[in-house]
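*Asks:* Dumping the structure here so I can ask a few things about it.
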Amino acid sequence: MIWCVTLNPSLDVTFVVPEPWHPGMVGRATAMDVRLGGKGHNVARTVHALGGPVRAVTVLGGGIGRDLAARAQVLGLPLLAEWVAEESRCCVTVVAPDATTELRAAGPPVSPAVLQRLRDRLRAECGPEDWVALSGSLPPGADPGTYADWVEALRPRVRGILVDTSGAALVESLKAGPTAICPNAEEWAAVADHAVPAGTHVLLTLGRDGVRWLPPGGPVRQWRPPTVTVVNPVGAGDSFLGALIWRLHQGDDWAGAVRWGVAVSAASVETVGVALFDRTRAEALWTALPEEGEPEPHERDEGGDRA
């Protein structure tokens, strides 16, 4: 089983507008997409679309929470959920010809007792062949060490734990020694002065430049996707993580799993919805990627430092 944890989920609404977007304007959308959202839910939807065994672990609240649960049921995505009284959040993306704009609500506060109860329920149900993804922001007021606490509690019981978060939560999770972290360039720059544990992989997502893999003790490799038409880049990193953890669960080595992740991520930016993709397109992009990736830039005598 692959367990995808989202402690601050959202209802993701995407609007497509035909003209450049600027503050104060009244726009008319030509398309709208509404999805079960939050980074971990995007990861779970990706795994589910690829046919992997997955269960979403989350905290839901109010009417939006009930809507999210109903959307998961329609998808056939099983939930392990705790409930709070306050409304789950809604996040809005506006896709315009000149730029993509995101509006992200904070989400409801969640007590330490609720988070601990959810963690303990997951710990009781997971098994030695399972993988866990801890994704996204923490609820308002949550201790920055929450993900570190989950890593420490779950690591003895599962095969691997991947963390995709930012700021203090990422710094604290590193101290617990997750199997891998998946920051983007900005998130990595903010924590690069902190030590990465000897056994932790770093998957650095670089947008159009693909993904750089920094394995423990091995050579750094990078996979750059073929040129694609970018419609909506939001959620591409979640699609990468979903495909990566799916292939690791299937028994692929890390290089093979990263290659799949890059292909699915590239396919996802060609769609309007967040973290959606056409599998046939992803498979075509996968065949175009080198099996072993490229050496990091200085190994190709191009100069520059590791990001």
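The values are calculated or read from the model by the stated rules, or taken from the named source; none is laboratory data. Just so you know, these numbers come straight off a predicted model, no measurement behind them. Backbone-built Cβ (ideal geometry, glycine too); neighbour counts: all protein chains shown.
*Asks:* Being out of contact with any helix residue (DSSP H, G or I) (no Cβ under 9 Å at 6 or more places or on another chain) and surrounded by 15 or more Cβ atoms within 10 Å (Cβ to Cβ) is the filter here, so list the residues in the stretch 30-60 that pass it.
*Replies:* Result: Asp33, single match.
*Asks:* Being in a helix (DSSP H, G or I), at pLDDT 95 or above and either within 24 Å of Ser166 (Cα to Cα) or more than 22 Å from the chain's Cα centre (by Cα) (or both) narrows it down to one of Arg71, Arg119, so name that one.
*Replies:* Arg119
*Asks:* Where the second residue is of a type in the set (Gly, Ala, Ser) and surrounded by 14 or more Cβ atoms within 10 Å (Cβ to Cβ) and the first is under 20 Å from Asn42 (Cβ atoms) and modelled with pLDDT of 95 or more and lies in the stretch 124-147, which pairs have Cβ atoms under 6 Å and are six or more apart or on separate chains?
*Replies:* Sorted first by the residue in the stretch 124-147, then by its partner, the pairs are Trp131/Gly160; Ser135/Gly40; Gly136/Gly38; Gly136/Gly40; Leu138/Ala169; Pro139/Gly107; Tyr147/Ala169; Tyr147/Ser173.
*Asks:* Does the stretch 150-173 contain at least one residue that is under 19 Å from the mean Cα position of the chain (by Cα), surrounded by 16 or more Cβ atoms within 10 Å (Cβ to Cβ), among the hydrophobic types (A, V, I, L, M, F, W, C) and over 17 Å from Val5 (Cβ atoms)?
*Replies:* Yes, because at least one residue in the stretch 150-173 is under 19 Å from the mean Cα position of the chain (by Cα), surrounded by 16 or more Cβ atoms within 10 Å (Cβ to Cβ), among the hydrophobic types (A, V, I, L, M, F, W, C) and over 17 Å from Val5 (Cβ atoms).
*Asks:* Same structure again: What tally of residues in the stretch 148-166 results from selecting those that are farther than 20 Å from Glu82 by Cα and in contact (Cβ under 8 Å) with a residue 12 or more places away in the chain?
*Replies:* 12
*Asks:* State which residue pairs qualify: first residue in contact (Cβ under 8 Å) with a residue 12 or more places away in the chain and inside the stretch 167-182, second residue surrounded by 23 or more Cβ atoms within 10 Å (Cβ to Cβ) and not aliphatic (A, V, I, L, M) in any location, beta carbons under 6 Å apart, and separation of 6 or more residues or different chains.
*Replies:* Every condition considered, the pairs that remain are Ala169/Tyr147; Ser173/Tyr147; Cys182/Asp164.
*Asks:* Which pairs turn up if I take residues in the stretch 209-237 that are basic (Lys, Arg) and look for partners that are part of a strand (DSSP E or B) with beta carbon separation below 6 Å, at least 6 apart in sequence or on another chain?
*Replies:* Hits for this filter: Arg212/Leu204; Arg212/Gln222; Arg221/Trp213.
*Asks:* Tell me whether the stretch 5-21 contains one or more residues that are of a type outside the set (Val, Ile, Thr), without any contact (Cβ under 8 Å) to a residue 24 or more places away in the chain and surrounded by fewer than 16 Cβ atoms within 10 Å (Cβ to Cβ).
*Replies:* Initial filter on the stretch 5-21 (of a type outside the set (Val, Ile, Thr)): 7-12, 15, 18-21.
Filter again for without any contact (Cβ under 8 Å) to a residue 24 or more places away in the chain, leaving none.
Within the stretch 5-21 (the criterion being of a type outside the set (Val, Ile, Thr), without any contact (Cβ under 8 Å) to a residue 24 or more places away in the chain and surrounded by fewer than 16 Cβ atoms within 10 Å (Cβ to Cβ)), the answer is no, since none of the residues qualifies.
*Asks:* Within the stretch 30-50, count every residue that is touching a residue at least 40 places away in the same chain (Cβ under 8 Å) and farther than 28 Å from Pro140 by Cα.
*Replies:* Total satisfying the criteria: 3.
*Asks:* Hey, Thr227 hits all of (1) assigned to a helix (DSSP H, G or I); (2) out of contact with any helix residue (DSSP H, G or I) (no Cβ under 7 Å at 6 or more places or on another chain); (3) at pLDDT below 95 but one; which does it fall short on?
*Replies:* Condition not satisfied by Thr227: (1).
*Asks:* Starting from residues that are part of a strand (DSSP E or B) and free of Cβ contacts under 8 Å to residues at least 60 places away in the same chain, keep the ones in the stretch 183-208 and report whichever is farthest from Val151 (Cα to Cα). Write out each step before concluding.
*Replies:* Residues of the stretch 183-208 that are part of a strand (DSSP E or B), as a first pass: 184, 201-205.
Still in the list and also free of Cβ contacts under 8 Å to residues at least 60 places away in the same chain: 184, 201-203.
On the way: Asn184: 20, His201: 15, Val202: 16, Leu203: 18 Å.
It comes out as Asn184.
*Asks:* Also, I was wondering about something else. What are the residues in the stretch 180-221 that are charged (D, E, K, R) and more than 16 Å from Gly293 (Cα to Cα), if any? Steps first, please.
*Replies:* At the first step, the residues of the stretch 180-221 found to be charged (D, E, K, R) are 186-187, 193, 208-209, 212, 221.
Answer for the stretch 180-221, where residues must be charged (D, E, K, R) and more than 16 Å from Gly293 (Cα to Cα): Glu186, Glu187, Asp193.
*Asks:* State all residues of the stretch 74-116 that are part of a helix (DSSP H, G or I), touching a helix residue (DSSP H, G or I) at 6+ places or on another chain (Cβ under 7 Å) and under 18 Å from Leu11 (Cα atoms); if no residue qualifies, say none.
*Replies:* Leu75
*Asks:* While we're here: Of everything in the stretch 272-296, what is at pLDDT 90 or above and surrounded by 16 or more Cβ atoms within 10 Å (Cβ to Cβ)? Give them in sequence order.
*Replies:* Phe277, Arg281, Ala282, Leu285, Trp286, Leu289, listed by residue number.
*Asks:* From the list Leu162, Leu170, Leu138, which residue is hydrophobic (A, V, I, L, M, F, W, C), part of a loop (DSSP other than H, G, I, E, B) and touching a helix residue (DSSP H, G or I) at 6+ places or on another chain (Cβ under 7 Å)? I'd like the intermediate steps shown before the answer.
*Replies:* On the way: Leu162 fails: part of a loop (DSSP other than H, G, I, E, B); Leu170 fails: part of a loop (DSSP other than H, G, I, E, B).
Of the residues listed, the single one that is hydrophobic (A, V, I, L, M, F, W, C), part of a loop (DSSP other than H, G, I, E, B) and touching a helix residue (DSSP H, G or I) at 6+ places or on another chain (Cβ under 7 Å) is Leu138.
*Asks:* Continuing with the same structure: Considering only the stretch 258-270, state which residues are over 15 Å from the mean Cα position of the chain (by Cα) and either within 14 Å of His201 (Cβ to Cβ) or not in a helix (DSSP H, G or I) (or both).
*Replies:* The one that is over 15 Å from the mean Cα position of the chain (by Cα) and either within 14 Å of His201 (Cβ to Cβ) or not in a helix (DSSP H, G or I) (or both): Glu270.
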